[in-house]
Amino acid sequence: MSAEPRRRSIAVAITGASGAIYATRTMAALLERGCHLEVIVSDYGRRLLRDELGETAAFDKLLPYLVSKYGPSVEAGTYTVHSNKDLGAKLASGSQDCEGMVVVPCSMKTLAGIAHGLSRTLVERAADVMLKERRNLIIVPRETPMSLPQLRNMVLCAEAGAHMMPAMPAFYQMPKTLDDLSDFMAGKILGALGFSHELYPSWGS
Ligand SMILES: Cc1cc2nc3c(=O)[nH]c(=O)nc-3n(C[C@H](O)[C@H](O)[C@H](O)COP(=O)(O)O)c2cc1C
């Protein structure tokens, strides 16, 4: 009897920067690929989900929201939710088995915490674990304009090994909707995690 293939396990953190749609699109794309997601949402991340996507996207209704928006294929994956205050969660330890982590969108506050290794919340601690264990950490910051400390914090994270992937969707693929823009960012994130995808047309296609 053949053993069931192990699901790829990815941590997804949603913080209080604008761009909640990037988080939902990324979660849906990973779930569609059968991943197991370890999800952490900060208090302001929860607020932004509701403020930007509406009451139906409130965090406690997120799976039905993802199914209604992106289709039943998201049910191929699974996810577990963690409190951002729970520094005893599995994700806070180097022995956890997530191969990578995405912070999408990433606020300047959480960016600063990761850049300086503060580990005050589970998002910051899990990101710190990814860096110390030399695993894939993708940070999707969103702010404009940016202060010098914010820019320096991005450099610190990049120097520590994170992929810095600012929420800067391109326009060469002629986007017509907000979904086209979020597909682009989710595609970039999936690419950095080593997934093939057709979330946006490749250059020249
Ligand atoms: C509507 C709204 C939009 C916000 N947009 C951003 C943003 O784009 N970038 C950012 O760095 N902070 C933004 N903030 C501020 C953060 O939410 C705030 O600094 C918060 O403390 C971040 O905490 P967290 O990183 O734990 O989620 C926004 C706040 C609100 C209420």
### Query
Is one or more of the residues making up the stretch 10-17 β-branched (Val, Ile, Thr), more than 13 Å from the ligand (Cβ to nearest atom) and in contact with a Cys (Cβ under 8 Å, 6 or more places away or on another chain)?
yes
### Task
Collect the residues in the stretch 94-127 that are more than 14 Å from the ligand (Cβ to nearest atom) and in contact with a strand residue (DSSP E or B) (Cβ under 9 Å, 6 or more places away or on another chain), keeping them in residue-number order.
Gln96, Asp97, Cys98, Glu99, Gly100, Met101, Val102
### Query
Any idea which of Leu91, Leu131, Leu137, Leu87 is within 15 Å of the ligand (Cβ to nearest atom), surrounded by 14 or more Cβ atoms within 10 Å (Cβ to Cβ) and of a type outside the set (Ser, Thr, Tyr)?
Leu87
### Message
Take the residues in the stretch 18-29 that are among the small types (Gly, Ala, Ser) and within 12 Å of the ligand (Cβ to nearest atom); name whichever of them is surrounded by the fewest Cβ atoms within 10 Å (Cβ to Cβ).
### Response
Ser18
### All positions within the stretch 62-77 that are surrounded by 14 or more Cβ atoms within 10 Å (Cβ to Cβ) and either touching a Gly at 6+ places or on another chain (Cβ under 7 Å) or closer than 14 Å to Ala11 by Cβ (or both)
Gly77
### Summary
Going through the stretch 175-205 in order, the residues found to be in a helix (DSSP H, G or I), farther than 19 Å from His163 by Cα and of a type in the set (A, V, I, L, M) are Leu178, Leu181
### Query
For the stretch 30-61, how many residues are more than 16 Å from the ligand (Cβ to nearest atom), surrounded by fewer than 23 Cβ atoms within 10 Å (Cβ to Cβ) and part of a helix (DSSP H, G or I)?
4
### Query
Scanning for something within 15 Å of the ligand (Cβ to nearest atom), under 25 Å from Arg33 (Cβ atoms) and within 17 Å of the chain's Cα centre (by Cα), does the stretch 146-157 turn up at least one residue?
no
### Task
Would you check which residues across the stretch 155-190 are buried (at least 16 other Cβ atoms within 10 Å of the Cβ), closer than 27 Å to Arg8 by Cβ and either free of Cβ contacts under 8 Å to residues at least 12 places away in the same chain or in contact with a Leu (Cβ under 8 Å, 6 or more places away or on another chain) (or both) and list them?
Cys157, Ala160, Ala162, His163, Pro169, Asp183, Phe184, Ala186, Gly187, Leu190
### Summary
Across (1) in contact with an Asp or Glu (Cβ under 7 Å, 6 or more places away or on another chain); (2) within 13 Å of the ligand (Cβ to nearest atom); (3) in contact (Cβ under 8 Å) with a residue 24 or more places away in the chain, Val74 clears everything bar (2)
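Rule-based calculations on the coordinates, nothing more; no lab input. Note that the structure is predicted; figures quoted are calculated from it, not measured. Every residue, glycine among them, receives a Cβ derived from its backbone with ideal geometry; neighbour counts consider all protein chains shown.
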